[in-house]
Amino acid sequence: MNTPGRPPLGNPYLPLPVRLERVTVENDARDLKTFELTFSDPGLREKFTFVPGQFSFLGLAGVGEAPFGIASAPHEANLAFTLKKAGHVTTALHELSPGMELGLRGPYGNPYPLHTARGRNIVIVSGGFSFTTLRSVIVHLMRPDRRGDYGRITVVYGARSPGELLYKDELRAWEALPDIDLTLCVDRADGDWPATEGLVPNVLREVAPSAKNAVALVCGPPVMLRFTHPVLEELGFSPDDVYLSLENRMKCGIGKCGRCNIGEVYVCKDGPVFSYRRLRELPGEN
C-alpha cells in the first residue's frame, strides 16, 4: 500500500498565494511550459511537504483552477509544474509572466510507494507530458543522500517527436550518469534523432528490464497505459509491483464533489497512484 498523501496546507478550499519565478518553454509547439513557483510567504515552503506523485491545484481569480502533478522533487526550493495549453485555465496560466501571482491548493493525493521500494530496483515508464511526476521521482531518488536506498533505476520515456520531450537538459545529464539506464524514444524520428524510434510499450519490450526485486512506476496517456500493462506482465512484473498514475476530472481534491469517482474510489483522494492489482478491481478499468 502507498503512504497516505500528505494533508493539504491550510484550509483545503482556500488557495495560497504563490509567485511565478521562472517559465521554461519545453517543446517546439510552445504549448508546454514549466512554471517554477515560490510562496509569497517564504515560511510556507518548509510547511508544504509532499511526496512524488501528488498533485496540486493552480488557479487564477475570475478564471478558475485545474489540477497538475508536481514536477519538482520535495527538496527543491521552487515548486515546479509543467502545463500543457489545452483549455480555459491553462490558456490563462500560459499568459502569465514572471513576477505575477496565482493561487495554489494542495498537496493532494496518494503518491508513488517509494517508502516500500527501498532496496529495490526502480523501473520508470512514461510517455508525453505525463512524465512530470516521474521527473519528481527521478530527481528525488538521485539525490546523493538518498541514492543508496534504491537499486538500479531504469527509465523508458517517449514522445511523439523529439521536440515534444520534456526537460531536455536534464535528460542529457541523466544519460551521462553511470547508475541510471535511460532510453528515450519517439514515435516519429527526424534525420537528427540519434536514439530509438518506436512506441513506448514496444521499446519497453526491447529494453526488457528485469522484474526481479523491482517496482514499476508508470504514467502516460490512456492508450500507452493500455498497451504497457501486457508488456510488464510478459516481463514478469506482479500486479502488486506495478503502480500507475491516473488522470481524471478532479474539482475539489478531497473526495467531496464526486467528479472523479470510479465506483466507490475517488481518484483525487485514493489515487491518483494505484497498484495495477487495485486498478483491475475497479469498475470499468479491467
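Against the definition (surrounded by 21 or more Cβ atoms within 10 Å (Cβ to Cβ), among the aromatic types (Phe, Trp, Tyr) and touching a Gly at 6+ places or on another chain (Cβ under 7 Å)), how does Tyr266 come out, yes or no?
Taking the combined requirement at face value, the residue satisfies it.
Results for (1) outside the structural domain of Gly128 (by TED's automatic domain parsing); (2) acidic (Asp, Glu); (3) on the phi > 0 side of the Ramachandran plot; (4) part of a strand (DSSP E or B), shown as yes or no for each residue.
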site	(1), (2), (3), (4)
Leu20	yes, no, no, yes
Ala29	yes, no, no, no
Thr38	yes, no, no, yes
Asp41	yes, yes, no, no
Pro52	yes, no, no, no
Do we find a residue being at negative phi, out of contact with any helix residue (DSSP H, G or I) (no Cβ under 7 Å at 6 or more places or on another chain), without any contact (Cβ under 8 Å) to a residue 60 or more places away in the chain and among the aliphatic types (A, V, I, L, M) anywhere in segment 237-251? no
Could you tell me how many of the residues in segment 260-280 are under 20 Å from Phe131 (Cα atoms) and in contact with a helix residue (DSSP H, G or I) (Cβ under 7 Å, 6 or more places away or on another chain)? 2
Would you check if Asp145 is under 26 Å from His115 (Cβ atoms), more than 17 Å from the chain's Cα centre (by Cα) and in a strand (DSSP E or B)? no
Residue check, Gly43 more than 30 Å from Ala216 (Cα to Cα) and in contact with a helix residue (DSSP H, G or I) (Cβ under 6 Å, 6 or more places away or on another chain): no
Condition check: in contact with a Pro (Cβ under 6 Å, 6 or more places away or on another chain) and closer than 16 Å to Cys260 by Cβ. Does Phe50 satisfy that? no
Residues satisfying the stated conditions in segment 205-226, i.e. part of a helix (DSSP H, G or I) and at pLDDT below 95: Pro222, Val223, Met224, Leu225, Arg226
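Residue by residue, here is whether (1) aliphatic (A, V, I, L, M); (2) not assigned by TED's automatic domain parsing to the domain that holds Pro222; (3) not in a helix (DSSP H, G or I) holds:
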{"position": "Val125", "(1), (2), (3)": "yes, no, yes"}
{"position": "Thr132", "(1), (2), (3)": "no, no, no"}
{"position": "Arg135", "(1), (2), (3)": "no, no, no"}
{"position": "Ile138", "(1), (2), (3)": "yes, no, no"}
{"position": "Tyr150", "(1), (2), (3)": "no, no, yes"}
{"position": "Thr154", "(1), (2), (3)": "no, no, yes"}
{"position": "Gly158", "(1), (2), (3)": "no, no, yes"}
{"position": "Gly163", "(1), (2), (3)": "no, no, no"}
{"position": "Glu170", "(1), (2), (3)": "no, no, no"}
Would you confirm, using the coordinates I've provided, whether Glu76 is in a strand (DSSP E or B), acidic (Asp, Glu) and touching a residue at least 12 places away in the same chain (Cβ under 8 Å)? no
Can you tell which of Cys252, Cys257 is closer than 25 Å to Thr132 by Cβ, surrounded by fewer than 18 Cβ atoms within 10 Å (Cβ to Cβ) and not assigned by TED's automatic domain parsing to the domain that holds Val223? Cys257
Restricting the search to segment 206-233, which residues are charged (D, E, K, R), more than 20 Å from Cys185 (Cα to Cα) and surrounded by fewer than 13 Cβ atoms within 10 Å (Cβ to Cβ)? Lys212
Any idea which of Gly99, Gly106 is touching a Gly at 6+ places or on another chain (Cβ under 8 Å) and either at positive phi or assigned to a helix (DSSP H, G or I) (or both)? Gly106
Please list, ordered by first then second residue, the pairs with beta carbon atoms under 9 Å, 6 or more apart or interchain, first in segment 174-197 and in contact (Cβ under 8 Å) with a residue 24 or more places away in the chain and among the acidic types (Asp, Glu), second surrounded by fewer than 19 Cβ atoms within 10 Å (Cβ to Cβ) and assigned to a strand (DSSP E or B). Asp187/Glu197
Looking at this structure, is Phe237 hydrophobic (A, V, I, L, M, F, W, C), surrounded by 13 or more Cβ atoms within 10 Å (Cβ to Cβ) and in a helix (DSSP H, G or I)? no
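The values are calculated or read from the model by the stated rules, or taken from the named source; none is laboratory data. It should be emphasised that the depicted structure is a prediction, and the values quoted were computed from it without experimental measurement. All Cβ positions, even for glycine, are placed from backbone atoms using ideal geometry, and neighbour counts span all protein chains on display.
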